[in-house]
Amino acid sequence: PETVHGRQSQELAGAATFPEVAKQIAAMMAGRVFTAHNAALDRRFLVAEFARAGWQVPLTSRITLCTMAAAREMWPGSPRRLGPLCRQRGIEPADTRTPSANAFAVVRLVQDLLESALTASRNRRIGRLPWAAQLEAASLVRWPSQAVESVVAKGAPALQLAAHGVGERG
């Protein structure tokens, strides 16, 4: 809505719909850790959009990095909201009202978290770098290459559906 990201309906007219870009998004996400601030919320939204488009995706907490949770673990007492957290950490732009500004802020925050984790590791305050488990899990998760309806429409038996990652739960 306009109140959240400042986008007006006329700006979105003619934009691609989620079903039109689902295949490209799934391909980009395969083998990667889903990263977001308040990731559980974004993950539920994304899984729901994939489902509405006929996709069953393996996007689970096992392959998710939540920068809100990671920041609170790395820097106890840090703000929960992305804008105030970025301002506290000196990350610009701290204006997170647009999707692109939000995404860039999360990237910068992940860089800051990694730098802090490396420093803590060198100082022997932590043994294993954060997110190693998510990185390993993401490399093992199989993402589907097409919507469930596309596979079913081709008359694929259940074993072939499983080969496409359809029906797997994580």
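The values are calculated or read from the model by the stated rules, or taken from the named source; none is laboratory data. Being a predicted model, the structure only gives us computed values, none of them experimental. Quick reminder, even Gly has a Cβ in these numbers, built from the backbone with ideal geometry, and neighbours come from all protein chains shown.
The C-beta contact set for the stretch 120-136 (first residue under 25 Å from THR60 (Cβ atoms) and modelled with pLDDT of 65 or more, second residue of a type in the set (A, V, I, L, M, F, W, C) and not in a helix (DSSP H, G or I), distance under 8 angstrom, 6+ apart or interchain) comprises TRP131/VAL33; TRP131/LEU65; GLN134/VAL33; GLN134/LEU65; LEU135/VAL33. Condition check: part of a loop (DSSP other than H, G, I, E, B), at pLDDT 70 or above and among the basic types (Lys, Arg). Does ARG142 satisfy that? So ARG142 passes the test.
Within the stretch 69-121, the set of residues being within 22 Å of TRP131 (Cβ to Cβ) and among the basic types (Lys, Arg) comprises ARG72, ARG80, ARG81, ARG89, ARG108. Residue count for the stretch 29-62 satisfying the condition of being out of contact with any strand residue (DSSP E or B) (no Cβ under 9 Å at 6 or more places or on another chain) and part of a helix (DSSP H, G or I): 12. If you go through the stretch 75-101 and keep only what is surrounded by fewer than 19 Cβ atoms within 10 Å (Cβ to Cβ), polar (S, T, N, Q) and within 29 Å of GLU11 (Cβ to Cβ), you end up with THR98, SER100.
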